[in-house]
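Quick notes on the structure that follows.
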Amino acid sequence: MEIKKLENSSVQLTLTLGAAAIEEDYSKTIKDYAKKLTLKGFRPGKAPLSLIESKYGDAIREEVTFRLMEKNLTDSYKDMDAKDRPLPYSTPELQNEESLLPFKPNTDVTYSVIYDVLPQVKLPEYKGLEIEYEAKKVTEKDVNEEIERLRQQNAMVIAKNGAIADGDIVTLDYVELDADGKEMESTKRDDFTFTVGSSYNFYKLDKDIIGMKKGDSSVIEKTYGDDSGMGTDYLGKTVKIKVTVKEVKIKEVPALDDDFAQDVKDEYKTVADLLKATKKQLEDAAENENKSAKLDAIVNSLLEKTEIAVPKSMVEAQLESDWQNFISRFGMNEADVLKIMGAQGGSKEQFLETRRADTLQNIKAQLIIEQVKEEQKYEVKEDELAEELKNYGEDITKDSPNYESMKIYAEDDIKFRKARDFLLENNTFKAATKKAAKAEKADEKKEPAKKETTTKKD
């Protein structure tokens with residue numbers, strides 16, 4: 001076995017498969033074929049072995065040799081250091097296959113494969129550094145926005161008898177008509193609900209349905225220009241869409257008063273209680289956000305001084321995972337998502353390309369922390385492991401059939417968190433105001449803030 005390091009975290013592994021192993025398997029396999037094959041002039045399984053070998057020998061030898069080469073490759077991983085084994089999503093590629101064929105009898109086969117391995121990371125000093133990070137500070141504006149979100153969340157949706165207006169919630173059926181006025185079944189959608197003005201509907205019907213009422217039907221003719229956002233398939237195209245309004249509803253947002261505070265949570269008796277608790281929640285969230293900002297800052301600082309050759313297979317695997325997560329949020333199959341994206345001028349390739357740089361950076365950040373984890377050689381205590389396994393949402397004990405595999409995942413998660421905490425505890429962090437907050441403060445100096453007032457419900 002010979003391992004040669006290549007560029008970009010790849011290796012070339014060269015192995016030799018012995019002739020004796022090939023001949024043994026070849027002999028057994030061709031005899032098995034002889035029992036099943038039917039050749040003209042012979043009863044099933046009675047054809048001479050020499051005839052079968054002359055007719056099918058080369059193909060059988062090729063089948064046997066490739067099978068043994070693959071097993072030989074898999075077996076070789078057991079004798080390797082972990083750093084030399086292929087990544088789970090990197091398929092070893094056989095090199096110079098043509099030069100190996102045809103396989104000759106009683107001859108060793110020496111072959112090479114190339115695959116990606118986990119990148120090796122040589123860290124700079126990662127303790128005792130002074131790092132500046134952008135700090136999140138909770139403002140009165142943040143509190144007010146969160147209160148408004150709670151009001152919208154607790155709004156009641158009630159039926160509306162009047163005409164559709166901007167901001168109403170409508171449910172409608174729609175279908176595109178062809179040149180003869182017939183419905184195009186593939187474009188039909190029933191009971192589609194959206195908020196007017198959000199443009200969250202395929203044909204961008206928001207302005208066209210204003211003034212319609214529940215039960216109304218209409219054929220809307222639209223021509224999509226450059227600013228329509230409909231993509232090349234509809235650019236400059238005029239279409240007719242038949243629309244039937246099924247429901248019209250409006251949101252009734254509650255007033256900010258003591259009754260509303262009590263509706264949010266029984267323990268809140270007044271608006272003041274709600275405001276105080278909301279501010280505390282936001283401050284707790286900001287503390288977690290600042291912790292993440294510190295970690296990002298120290299990792300980015302280390303990345304500036306570290307060369308990491310991330311293999312392509314690692315990036316592509318993560319991008320594909322991101323794509324599948326993206327599709328799942330739509331609740332549709334991939335084909336339908338691609339159709340919608342195509343109508344808007346987008347594609348899977350564009351989606352992946354816009355995320356490639358960030359994905360590469362995120363992988364490098366993960367590898368930095370992984371290397372800290374390896375260098376610090378953390379141990380996991382029994383009570384830590386038991387507590388972590390509880391978070392996996394299963395009743396996992398040592399008697400569980402999947403205990404060993406879940407234990408490995410749990411221990412790795414614990415060690416990874418310890419590495420993150422190590423970076424936070426062993427470096428000094430200096431808070432800096434976020435750029436957005438700086439700009440906001442500058443705007444406040446230019447224009448005095450308007451005092452917000454609330455009216456208490458009688």
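The values are calculated or read from the model by the stated rules, or taken from the named source; none is laboratory data. Model, not experiment: these values are computed from the prediction. For neighbour counting, all protein chains shown are included, and Cβ atoms are generated from backbone atoms with ideal geometry for every residue, glycine included. The area values use the complete protein model at the heavy-atom level, side chains included, leaving out ligands, DNA and RNA. Shrake-Rupley method; radii C 1.70, N 1.55, O 1.52, S 1.80 Å.
Above 31 angstrom, tally the Cα pairs of the chain and express them as a % of all pairs, no decimals.
For the chain, the share of Cα pairs beyond 31 Å comes to 70 percent.
Annotation note: trypsin sites (Lys or Arg not before Pro) in segment 194-263 located in DSSP loop regions with a Cβ neighbour count of at most 13 within 10 Å are LYS213, LYS237. Kirkwood radius for segment 203-287, taken over all pairs of different Cα atoms as the inverse mean of 1/r, rounds to 17.5 Å.
Computed with a 1.4 Å probe over protein heavy atoms only, the accessible surface of segment 111-189 comes to 59 Å² per residue.
Projected onto its three principal axes, the C-alpha set of segment 183-326 covers 59, 57, 25 Å, listed from the longest axis down. Heavy-atom accessible surface of VAL337, to the nearest 10 Å², is about 0 Å², with a 1.4 Å probe and all protein chains retained.
Exceedance of the 28 Å cut-off in Cα-Cα distance is limited, within the set LYS279/LYS415; LYS294/LYS373; LYS182/LYS222; LYS280/LYS381; LYS160/LYS237, to LYS279/LYS415; LYS280/LYS381; LYS160/LYS237. Bridges between two residues of the chain, per DSSP, are antiparallel at a rate of about 85%. Separation of the alpha carbons by more than 25 angstrom is noted, of LYS214/LYS242; LYS28/LYS55; LYS305/LYS430; LYS214/LYS251; LYS31/LYS78; LYS312/LYS377, for LYS31/LYS78; LYS312/LYS377. Exposed loop sites here mean chymotrypsin sites (Phe, Trp or Tyr not before Pro) with a DSSP loop assignment and at most 13 other beta-carbon atoms within 10 Å; the chain contains its longest site-free run at 43-199. Positive end of the charge dipole of the chain (Lys, Arg +1 and Asp, Glu -1 on Cβ, about the Cα centre): tell me which of MET314, MET184, LEU17 has its Cα farthest that way. Of the options given, the answer is MET184.
Here segment 338-422 exposes an accessible surface that is 47 percent carbon and sulfur, computed with a 1.4 Å probe and the other protein chains kept in place. In the context of the full protein assembly, ASP208 retains an accessible surface of approximately 60 Å², using a probe radius of 1.4 Å and ignoring ligands and nucleic acids. Expressed as a whole percent, the accessible surface of segment 1-148 that belongs to carbon and sulfur atoms is 49, based on a 1.4 Å probe. Histogrammed with a bin width of 5 Å, the alpha carbon distances of segment 283-323 distribute as 6, 18, 12, 13, 21, 18, 8, 3, 0 percent, first bin at zero. Protein-only accessible surface at a 1.4 angstrom probe places the residues LEU37, LEU49 in the order LEU49, LEU37, largest first.
Accessible surface for segment 207-273, divided over its residues, is 60 Å² per residue with a 1.4 Å probe. Annotation: ASP412 carries an accessible surface of approximately 60 Å², with a 1.4 Å probe and no ligand, DNA or RNA atoms counted. Distances between placed amide hydrogens fall under 5 Å for LEU17 paired with VAL109, THR110, TYR111, all partners being 5 or more residues away or on another chain. For segment 405-413, 3J(HN,Hα) computed residue by residue from phi via the Karplus equation (6.51, -1.76, 1.60; θ = phi - 60°) reads 5, 5, 4, 4, 4, 5, 5, 5, 4 Hz, glycine and proline entered as x.
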